[in-house]
């Protein structure tokens, strides 16, 4: 099954992608992971990407598209894959469609996580992690059992990402609506869009996604 996971930052794509991997036994593909793997492997495209990144520049669409194409040719993608965080733009979406056609493949569905903007701001702005073991917590949604003490390792020092604040989150949302949200209409027009309610609990969202996937498989 070949899937795209779509949704704004903070919608829970990473969490749901992990659960989908367990359910479907196909790999989750993110551009960051694919870029790092291609650079580490020293592929021709990976070396091109490394030269661009070493120069402090953004990797161009044609290089990213080539890395994605190479990745989905690998053996573990024979039964499908989950694209997470790619495509981000209409141009990249066209590139995905073209590369799959060239391989005699096609997308099965685009799962869209729909989440209220203010809920996203609250989710992200309240996040923090244990500096010792990396366990994640939240100011209101997931506090340690004992205040100031990590449940997993007993550590007492925590940190927040500098960009995990309300202003930065709203800026990231604006970028999403400007660049990525047009994909919602694009895939709806192709009858591939499968929206789910991302406001529910993790298990409930996963259940909705599994219902969508089971329908596709049948």
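The values are calculated or read from the model by the stated rules, or taken from the named source; none is laboratory data. This one's a predicted model, so the numbers in the text were calculated from it and none came from an experiment. Glycine gets a Cβ as well: all are built from the backbone with ideal geometry, and neighbour counts include every protein chain shown.
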Inside the stretch 115-152, can you point out the residues that are surrounded by fewer than 16 Cβ atoms within 10 Å (Cβ to Cβ) and touching a helix residue (DSSP H, G or I) at 6+ places or on another chain (Cβ under 9 Å)?
117, 138, 139, 140, 141
Only one of 156, 218 that is modelled with pLDDT of 95 or more, surrounded by fewer than 17 Cβ atoms within 10 Å (Cβ to Cβ) and either closer than 15 Å to residue 111 by Cβ or more than 19 Å from the chain's Cα centre (by Cα) (or both):
156
Yes or no: residue 51 over 12 Å from the mean Cα position of the chain (by Cα), farther than 30 Å from residue 163 by Cα and surrounded by fewer than 16 Cβ atoms within 10 Å (Cβ to Cβ)?
no
Of all the residues that make up the stretch 77-90, how many are over 14 Å from residue 31 (Cα atoms) and surrounded by 13 or more Cβ atoms within 10 Å (Cβ to Cβ)?
3
Scan the stretch 187-208 and tell me whether some residue there is modelled with pLDDT of 95 or more, assigned to a loop (DSSP other than H, G, I, E, B), crowded, with 16+ Cβ neighbours inside 10 Å and under 21 Å from the mean Cα position of the chain (by Cα).
yes
Residues within the stretch 164-186 that are under 15 Å from residue 111 (Cα atoms) and assigned to a helix (DSSP H, G or I), tallied
6
What number of residues within the stretch 108-143 satisfy the criterion of being assigned to a loop (DSSP other than H, G, I, E, B) and within 14 Å of residue 159 (Cβ to Cβ)?
7
Which residues, counting only those in the stretch 191-208, are touching a residue at least 24 places away in the same chain (Cβ under 8 Å) and either within 15 Å of residue 119 (Cβ to Cβ) or out of contact with any strand residue (DSSP E or B) (no Cβ under 6 Å at 6 or more places or on another chain) (or both)?
196, 197, 198, 199, 202, 205, 206
Of the conditions (1) part of a helix (DSSP H, G or I); (2) under 25 Å from residue 205 (Cβ atoms); (3) at pLDDT below 95; (4) out of contact with any strand residue (DSSP E or B) (no Cβ under 6 Å at 6 or more places or on another chain), residue 96 satisfies every one except a single condition; which number is it?
(3)
Checking the conditions here, which among 84, 108, 117 is at pLDDT below 95, closer than 27 Å to residue 207 by Cβ and touching a strand residue (DSSP E or B) at 6+ places or on another chain (Cβ under 8 Å)?
84
